[in-house]
Amino acid sequence: MADLLNRVEPVYDESDEYRPEPLPIPAPPAWLDGSFRIGIHSSIAGDIAGSLEIASKLGANALQIFSASPRMWARGGARIADADAARFRARRTELGLGPLVIHDNYLINLASPERVMRARSIQAFHDEIVRAVSLGADFLVAHPGASMGNSVSQAIEDIADGMRQAARGIKFGGLRILLENTSGMGSSVGSRFEELRAILDLTRDLPMGVCLDTAHVFQAGFDITTEAGLSGMLQLFERTVGLARLYVLHVNDSKTPLGSRVDRHENIGEGKIGLDAFARILNHPQLGPGPLGVAGRAFILETPIDEPGDDRRNVRALWDLVGVDTKHTPRAEDGFSMVRGKKKAAARGSQNSQRKMTKKKVRGGK
């Protein structure tokens, strides 16, 4: 006992203490290199990692996908196996694709006044966030919702509250939720920039931003086909939302006319918006990757594939419009398309059948 009482505590030299090195600051992702990021919505049919190969073969350096079926309620949340998610992330790094954008399920309506639908939507959006994080996605694009008889102000509150509930307990990492503007079809919220701003104001505790769809903004009544019209739309967007919060543009032509409030996409240059307008949009100093824009802002195609190769041609059209030579763009695989020749053959068969029916009518046949 005496030995214990008389023991002298050792004196430590502070300079000898182990001091762990601070963790290094993570390097920014490769897609934030200031280059144009042009992508397309890629199919996840068969194997979700196959969507990466599709984007690469189409000559894109960015992509958008669904993380599960967009028109069905996923069973059990449709979690992605850890091994599959890891393989997806590794292959994406190898191909140098980014940003990765995920679009949420079309059935989700966080503004629904119907209790069961709202609860299901909140759970489904939670699952969307979980899958996006597991895949290492950069952005999750969400349609705000439809009021379905409620006031717009009530719908906005419900959307914001639903997003906060869906996000509980999730570590977002580098993921950001983007509200997409709408065409104004039916009772959908988000055709007015003020509505998007109101949702953003109520979700300040979440990593949020905006995705701007060119077809939707045109269908909602903004004439972006002229230089003055585009400038006016961007000025309003800056005053309400702020261009610094615009991270992704969905680049789609429109089948329907200005102010139609009907959401129908068309191939680039074949719709009511036209090539000249897209050239102005892609090269606008506030939208491109220059000093006035946002580094890594992506231009993502959601255009139809009426014939095999339309997807590849749309990607090439965007590269041509921004003036990047083929030598300096990702190389597209000759002849590759998400749609094979069967669709074209079926279309021809339908046309031939229609011609035969027309001939019979002309000849008085049955």
Report, to two decimal places, the Cα Rg of the chain normalised by 2.2 N^0.38 Å (N = number of residues).
1.20
Which angle from 0 to 90°, rounded to the nearest 10, does the C-alpha axis of helix 341-363 make with the longest principal axis of the chain?
20 degrees
Fewest-first ordering of Asp138, Asp306 by Cβ atoms within 10 Å yields Asp306, Asp138
Cα convex hull of segment 16-110, projected area averaged across orientations, nm²
10.3 nm²
Assertion target for Val339, Val210, ordered by fewest C-beta neighbours within 10 angstrom first, is Val339, Val210
Lysine pairs, Cα distance under 26 Å, 8 or more residues apart or cross-chain: how many in the chain?
20
Against the longest principal axis of the chain, how steep is helix 115-135, in degrees 0 to 90 to the nearest 10, with axes from Cα atoms?
70 degrees
Here Rg/Rh (Cα, Kirkwood) for segment 103-201 equals 0.95
Give me Ser337, Ser35, Ser183 sorted ascending by neighbouring Cβ count inside 10 Å, so fewest comes first.
Ser35, Ser337, Ser183
The chain: angle of helix 310-321 to the longest principal axis, Cα-based, in degrees nearest 10:
70 degrees
What ranking, highest mean first, results for peptides 39-46, 250-257 when packing means the other Cβ atoms within 10 Å averaged over each residue?
250-257, 39-46
Can you tell me the relative contact order of the chain? Whole percent, Cα pairs under 8 Å, sequence separation 6 or more.
16 percent
In bins 5 Å wide, starting from 0, what share of all Cα pairs of segment 213-330 does each bin hold, as a percent?
2, 12, 21, 26, 21, 12, 5, 1, 0
So the compactness index of segment 156-284, its C-alpha Rg divided by 2.2 N^0.38 Å, takes the value 1.09
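Bear in mind these aren't lab numbers, they're just calculated from the coordinates by the rules spelled out. Given the structure is predicted, the values throughout are model-derived calculations rather than measurements. Positions of Cβ are generated from backbone atoms using ideal geometry, with glycine treated the same way; all protein chains shown enter the neighbour counts.
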